[in-house]
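Here is the structure we will look at, set down as C-alpha cells.
Just so it is clear, none of the values below were taken in a lab; they were calculated from the coordinates. Because the structure is a prediction, the values reported are computed rather than measured. Quick reminder, even Gly has a Cβ in these numbers, built from the backbone with ideal geometry, and neighbours come from all protein chains shown.
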Amino acid sequence: MCVRYLGFLLLIWFPGALHALSGQQNCRAPKLDHGYLVPDEESYTHETNLTYACDKGHKPVVEGWWARSTCQDGKWSHEPQCIDENACIPPTILNAKYTENSNGWYENGHKIRIICAIGYEHKNFSATAECTNGTWSSLPVCEKQFLACGEPPEIPHAVIIHEGYQDVFAADSVLQYECEEGFTVEGVNTNKTIICISGKWSTASPCHSRPDAGRGGSAAGGGGSTCGGHSTSAGCGTRPADSKPDAGRGGSAAGGGGSSSSSGGNDREGGHQITTINNCGRYPRVSNGDVVERGPMFLKYQCSSFYKRVGPQKVMCYSDGTWSPVPTCKAAFCEVDTADYRQLENAGIKFIGDGQKGILKCDKLEWYWIHDHYSEVQCTDGRIRLGKCCSWLDGLRQGC
C-alpha cells in the first residue's frame, strides 16, 4: 500500500514521469533562424503541433508560407527550418528517385538527375531538373515503358508470389504463383510462372482441383505412400517452387537413390550450399537497380533505364548466411547538353540510351526557319552522332 501511494506522489511531483513511463518523450524547442514559433516554449509534449513562419526573404523547408511540425516521441516530424526564398525544397516526381540532400533542401542553381523506376522511362529524354529562383525548372516525367506490363491478371485458385504491391512491370519480368491448398497445375507444362511479353502477360497454366486432395495416406507420408512429387505439396521429397527441374535426379547431392532428402535447400553452386533467402537477412543493395522478382531460393535484379546489368541476374543465399555475387548496373547512355550545340534548342541536358536514337528540336531562331526542325541523335558506346537539322516536310526519318 505504501508503495502505491509513493508512486502516486511521484506523478504529482514530477509531471514528466507519466510520459517517461509510457515511453513517450518531450521535444526540445527547435532552433529556428530567420523565423518564429507558435507557441514559443522551451519544450513540447508528445503529439504537440508547432506552427512556424519565416522572415521576409526566407521560407519554410516544406510547401507553403507557414508550416506545421509535430512532436513525435522526442523528435519533430520534420525539423523546422527557414531557408532562402531562392532555394528549393525536394520535388515530388512520381515513379522516380534522385539523390536527396541531407539538409532537406537545395541551393539556387543546384541540379538533380532523375532515375526512373523499373518499367518506366524518361519522357522526351529529359532526366535533369535545376533549382532556379526557388522553383524547379522542367521537372522530368517518368512514363510507363511501351513494352511494360500492368498489374498481373487474376489467376483462379492461385496467389502471385511478389513482395509488395506493384502496378507496372518491365518487359521480360517473370512472376511466380502458387496454387491454393487442394489445387495444382497438371499436364506437361507445370511451370507456375507468367512472363511480361511486349506489354502483355503470358497465359498462366490453370490450377485444377487435385484428385487426391483430402484423402488419407497422402503427401504427409502416412500409409506408406510417397509424397506425390508436386512442387506445392508438403513433406518429404518436396521441391521448392523455383528450384531447378532436374535438381536431385540421378544420384544428386543427397546421394540416396537419386532423390533429394532435405527440404530447406539442397542445391549447390560453386561448392556453396544454397538455402532459402530468409536465412540471409537484408537483401543486397544494387545501385541503380531493384529486385523485380523474389522466389523462395533467389532474388532477381533488373537495372533502371539507361543502365546495363553486369554480372548474374539472380542472387542466391548460401547456408553460411552470405549472398552469392550480386550484379552491378553500369551506365549505358549518352549525355547531351543542348546548350553546347549551336544548332539545337537549349532545353537542358538530355539522355539517350546506348544503341538508341532520339529526336531533338533545333533552334528555330538561330536559323530563321518557318517550320520546326529536328535533329536525329544516336548514342553508340557512349558517343553521340548528331544529324542535320531537317523539317518533317524534308523527310526527317529518311535522313534528309
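Condition check for Asp84 on (1) surrounded by fewer than 17 Cβ atoms within 10 Å (Cβ to Cβ); (2) charged (D, E, K, R); (3) within 19 Å of the chain's Cα centre (by Cα): one failure, at (3).
Which condition breaks for Asn124 when tested against (1) at positive phi; (2) assigned to a loop (DSSP other than H, G, I, E, B)? Checking Asn124 against (1) at positive phi; (2) assigned to a loop (DSSP other than H, G, I, E, B), the one that fails is (2). Restricting attention to the stretch 80-109 and to residues that are part of a loop (DSSP other than H, G, I, E, B) and small (Gly, Ala, Ser), the residue that is nearest to Leu37 (Cα to Cα) turns out to be Gly104. Cβ-Cβ contacts under 9 Å between residues 6 or more apart (or on different chains), taken from a first residue in the stretch 50-71 that is closer than 11 Å to Gly35 by Cβ to a second residue that is part of a strand (DSSP E or B) and polar (S, T, N, Q), are listed as Thr51/Ser69; Tyr52/Ser69; Trp66/Thr51; Ala67/Thr51. The single residue among Cys280, Cys329 that is more than 27 Å from Glu178 (Cβ to Cβ), in contact with a strand residue (DSSP E or B) (Cβ under 8 Å, 6 or more places away or on another chain) and buried (at least 20 other Cβ atoms within 10 Å of the Cβ) turns out to be Cys329. Ser205 fulfils the conditions (1) out of contact with any strand residue (DSSP E or B) (no Cβ under 8 Å at 6 or more places or on another chain); (2) closer than 19 Å to Tyr120 by Cβ except for a single criterion, (2). Meeting the requirement of 1 or more residues that are under 17 Å from the mean Cα position of the chain (by Cα), the strands (runs of 3 or more DSSP E) wholly within the stretch 268-336 are 289-295, 298-303, 307-310, 328-331.
Of all the residues in the stretch 145-163, those that are in a strand (DSSP E or B) and surrounded by 18 or more Cβ atoms within 10 Å (Cβ to Cβ) number 2. Scanning the stretch 49-79 for residues that are surrounded by fewer than 16 Cβ atoms within 10 Å (Cβ to Cβ), touching a strand residue (DSSP E or B) at 6+ places or on another chain (Cβ under 8 Å) and either part of a loop (DSSP other than H, G, I, E, B) or of a type in the set (Lys, Arg) (or both) gives Asp55, Gly57, Trp65, Arg68, Gly74, Lys75, Ser77, His78, Glu79.
Among the conditions (1) part of a loop (DSSP other than H, G, I, E, B); (2) touching a strand residue (DSSP E or B) at 6+ places or on another chain (Cβ under 6 Å); (3) buried (at least 17 other Cβ atoms within 10 Å of the Cβ), the only one that Gln25 does not satisfy is (2). Of the residues making up the stretch 110-121, those that are within 29 Å of Lys59 (Cβ to Cβ) and part of a strand (DSSP E or B) are Lys111, Ile112, Arg113, Ile115. Within the stretch 178-191, can one find any residue that is in a loop (DSSP other than H, G, I, E, B) and within 25 Å of the chain's Cα centre (by Cα)? No.
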